[in-house]
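Below you'll find the structure, written out as structure tokens, and then a few comments.
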Amino acid sequence: MKRVIIIYLFSFLLVSVAFAQNDRSTSKVGTTAAQFLKIGAGARAIGMGGAYTAIGGDLYSLYWNPAGIAESRDNGQVVFNHAEWLADIKYDFAAGAIRLEDFGTFAVTLTSLGVPEDKVTTMENPEGDGRVFDASSLAIGFGFAKELTDRFSIGFHAKYVREAIWNMSASGFGIDVGTLYRTPFNDLKIGASISNFGSKMQLDGSDIQFNDDPNDDDNSGPNNIPSKYNVESYDMPLTFRVGLSMDVLNTSMFRVTAAVDATHPNDNTEYMNTGIELAYDELIFVRGGYKSLFLRDSEQSFTLGAGLNYRVTSQMRIFVNYGYADYGRLENVQFIDMGLTF
């Protein structure tokens, strides 16, 4: 166990130092599909700056580190998260899970993003030609997590991903894999996950189809040959995360949890997230954090949040969380989630 702890900590420190000294000449922004998969789920996680890889215990862990849901001692959970994203875009995440004592925890997830309708414009009709278009994204997933020992958990989250814009769509499959280890040192938790490992996505549909005249002569040769534009395929936004979390204060009435994540995406520069949560009697929560530290040209910075966790009966709890994330010139994003455990 001591070797495992040392290896985890050493790996985390190496990644952190590499991030701090990052000198990549290009960031590869805009080179992956399904960008909505990079929007974090859960107002609690957002309030803590997205430092959630080593937190665990609720269904939003399915996004950050699937192994985290194994830490829940509830028989079942249902959660829903809504966010007013940038440019009037709507983002929603819903999940449900059931825990089977001898087998592990099984979960299903639904993630959706909707872009409001806009006018179709052309060179001849710059103010619109009477048509409208919209765009949407969808991911449907199935998760499983299990405690292999009383300190070590592993989890998986497989998902079908689809994106559509006007008469075009692209689809693919991805999987998230994570581990979570609770060390003997003051219950320090170490988490690691890989998200969105899967197939490439390629747009297809009627908008890239046209009729072609190969020799550009209506009077000779074949005319009106059905053709379509060649469209590239793109990877999903693969992300590797390593995180630490620990209760730096834990009394009968107060708990303070601090967390830090180091993140390596395949389409941007590396960055770190940090967060802290203050809990009073596990009833009222206040949170703060800083998101995307060291990320090149980022508009993200500090985050804030609060929550209420009310026990209705000995077996049932209702919780509500709010998260605020500053986006600089893009103003801010606000998350709200609610859930039921039983």
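Just so you know, all these numbers are worked out from the coordinates, no wet-lab data involved. These numbers were taken from a predicted model, which means no experiment stands behind them. Don't worry about glycine lacking a Cβ; one is built from the backbone with ideal geometry, like all the others, and counts go over all protein chains shown.
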Next item on the list: Springs between alpha-carbon atoms under 10 Å, Gaussian network over the chain: tell me which of Leu188, Leu249, Leu110 tops the mean-square fluctuations.
Entry: Leu249
Margin query: Which GluC sites (Glu not before Pro) in region 92-147 sit in a loop by DSSP (not H, G, I, E or B) and have at most 14 other Cβ atoms within 10 Å of their own Cβ?
Written below: Glu101, Glu124, Glu127
Notebook entry, point to check: More than 24 Å apart: what percent of Cα pairs in region 123-248 qualify?
Noted result: 57 percent
Notebook entry, point to check: So what is the calculated 222 nm ellipticity per residue for the chain, using -39500 (n - 2.57) for each DSSP H run with n of 4 or more, over all residues, to the nearest 500 deg cm²/dmol?
Noted result: -2500 deg cm²/dmol
Notebook entry, point to check: What's the exposure ranking of Arg182, Arg73, going from fewest to most Cβ atoms within 10 Å?
Noted result: Arg73, Arg182
Item checked: Loop GluC sites (Glu not before Pro), region 250-322 (other Cβ atoms within 10 Å of the site Cβ: 12 or fewer; DSSP) -> Glu282
Notebook entry, point to check: Cα-based Rg of the chain per 2.2 N^0.38 Å, rounded to two decimals?
Noted result: 1.12
Next item on the list: Give Lys90/Lys146; Lys38/Lys291; Lys90/Lys291 a once-over and call out the pairs whose C-alpha atoms are over 24 Å from each other.
Entry: Lys90/Lys146
Note to self: Could you check the spin-label model distance between Val312 and Ala87? Points 7 Å from the Cα along Cα→Cβ, value in nm.
What the structure shows: 4.0 nm
Item checked: Contour minus Cα-Cα distance for Asp281 and Lys200 (0.36 nm per residue) -> 24.5 nm
Margin query: Looking at the chain as a GNM with Cα springs under 10 Å, which of Val320, Val78, Val29 has the largest mean-square fluctuation?
Written below: Val29
Notebook entry, point to check: Taking the chain as a Gaussian network, where each spring joins two C-alpha atoms under 10 Å apart, which residue of Asn268, Asn219, Asn81 fluctuates the most?
Noted result: Asn219
Next item on the list: Note the angle between two axes, namely the Cα long axis of helix 2-20 and the longest principal axis of the Cα atoms of the chain, as a number of degrees from 0 to 90, rounded to the nearest 10.
Entry: 50 degrees
Next item on the list: Work out the FRET efficiency for Asn211 and Ser171 from their Cβ-Cβ distance, taking R0 = 22 Å, and round it to the nearest 0.05.
Entry: 0.25
Next item on the list: Sticking with the crude label model, points 7 Å out along Cα→Cβ, report the distance from Arg151 to Val120 in nm, one decimal please.
Entry: 6.2 nm
Notebook entry, point to check: For Ser72, which sequence-distant residues (separation of 5 or more, or a different chain) have an amide H within less than 5 Å of its own amide H, given hydrogens modelled in the peptide plane?
Noted result: Gly57
